[in-house]
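See structure below.
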Amino acid sequence: MTQAPTKKVVKKRRKRTRFATFLICAVLLGCSGFFVWNIVQEGVTTYTLQVDINEAKAQLEALKKENGMLVNEKEKLEDENYVKNHARGEYMITKEGEKIFHLPKIKTGE
């Protein structure tokens, strides 16, 4: 025959069981919070990197466009006729015996 546990023993066991349950729940809650925090941090980092990548792509496109314009300008400057015409038009360089006349600008809208 086994003896039934007394009320004091039962209370002690319940107290220990509640404390152990509380402790396990606290540890699990802490671990869950830690993992959620890491997930949020990774999400923020991913978003920041995506923004940086998009900015870099836009900058790359702008640089490619500028490079294309510069290559085109270089090709033009290698053409002797283009350089002569550009200098004549932009800097008013004349050929021998040529005269330059400055004409007044026509006002429109009057």
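The values are calculated or read from the model by the stated rules, or taken from the named source; none is laboratory data. No experiment lies behind these values; they were computed from the predicted model shown. Quick reminder, even Gly has a Cβ in these numbers, built from the backbone with ideal geometry, and neighbours come from all protein chains shown.
Worth a mention:
- If you go through the range 84-103 and pick out every residue that is at pLDDT 85 or above and part of a loop (DSSP other than H, G, I, E, B), you end up with 0.
- Flag for F34 being of a type in the set (F, W, Y) and over 41 Å from the mean Cα position of the chain (by Cα): no
- Boolean, T48 is under 44 Å from the mean Cα position of the chain (by Cα) and either at pLDDT 90 or above or surrounded by 10 or more Cβ atoms within 10 Å (Cβ to Cβ) (or both): yes
- Residue list for the range 1-37, filter: of a type in the set (S, T, Y) and assigned to a helix (DSSP H, G or I): T17, T21, S32
- As a summary of the residue check, N81 satisfies the conditions (1) surrounded by 10 or more Cβ atoms within 10 Å (Cβ to Cβ); (2) part of a helix (DSSP H, G or I) except for the one numbered (1).
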